[in-house]
Ligand code: PLP
């Protein structure tokens, strides 16, 4: 066994370290490996965090887009969590595609029951290809019950518009939406500006604004939002502060955008 250790990646070596931190993703299954649970686990592994995952939805998709979605029954999402959590309590968690109102309710109840902490909510509503990834009304349950429990939420402009109940066209609109979402009880609101015409400034609002500038990288990428929130969860699991975790996530995703590849048929895919 000893002879193997030098060739193992650092993530595997750290399994031998009893202080290994863990993060849980509750999200959607993506057969293309680009988004959802698959992306989150790759990120957790790349950042030396042991990944736990609970499936809340299934998708049929490839690099061209999402063709079909199915919610996992909420009673089975609950079963996955009630079996997993008494055994392994994650140092941080993120939610991605939960799809149904009932699944949002289950996640809310489980966060409370198991006193989970370092909660990153990526309020997934729509794919880049235009497919609905949440049923009608799920955004209302998120707004009322899930967002107040979140340490960090990471909506893009479209999601922030829906959740804050306003149209975001300008940078000032983004700031207003961040305040509205913070007033719901979310400790740290991060709105990513990549979809705003004029560039890629992200906003963090926790009572004080922090702006993260960065030039827009052109191209269509699959799974950018999932990766961003997964890096934040991984860094929080490691004990990092929220603003630093978000800054590192932005840098990480920007760097990995430069290392994407294309199948030639659809969006560019990340390796990690
Ligand atoms: N599939 C799953 C399971 C997702 O969670 C998401 C986004 O969060 C997507 C697809 C959409 O990914 P994108 O819009 O980056 O293509």
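Worth a mention:
- With helices as the sole contributors, the chain gives -10500 deg cm²/dmol at 222 nm; each DSSP H run of n ≥ 4 counts as -39500 (n - 2.57), and the sum is divided by every residue.
- Here the average projected area of the convex hull drawn through the C-alpha atoms of the chain stands at 14.3 nm².
- Note on residue 112 and residue 187: their simple-model spin labels are 1.9 nm apart, each label 7 Å out from Cα toward Cβ.
- Extension gain, residue 175 to residue 83, is 29.1 nm, computed as 0.36 nm per intervening residue step minus the present C-alpha separation.
- Most mobile listed residue (31, 148, 86) in the chain, GNM with C-alpha springs under 10 Å: 86
- Length released on extending from residue 198 to residue 140, taking residue separation times 0.36 nm less the Cα-Cα span: 17.9 nm
- For the pair residue 60 and residue 20, label points projected 7 Å from Cα toward Cβ lie 3.6 nm apart.
- Peptides 129-136, 72-79 ordered by average Cβ neighbours within 10 Å, highest first: 72-79, 129-136
- Entry note, the chain: relative contact order of 18 percent, from Cα contacts under 8 Å with a spacing of 6+ residues.
- Between segment 87-123 and segment 19-44, the alpha-carbon centres lie 14 Å apart.
- The antiparallel fraction among DSSP beta bridges confined to the chain stands at about 40%.
- Shape summary of segment 120-272, radius of gyration then Dmax from alpha carbon positions: 14.8, 44 Å.
FYI, it's all coordinate maths here, none of it is from the lab. Just so you know, these numbers come straight off a predicted model, no measurement behind them. FYI the Cβ positions are ideal-geometry reconstructions off the backbone, even for glycines, and counts take in every protein chain you see.
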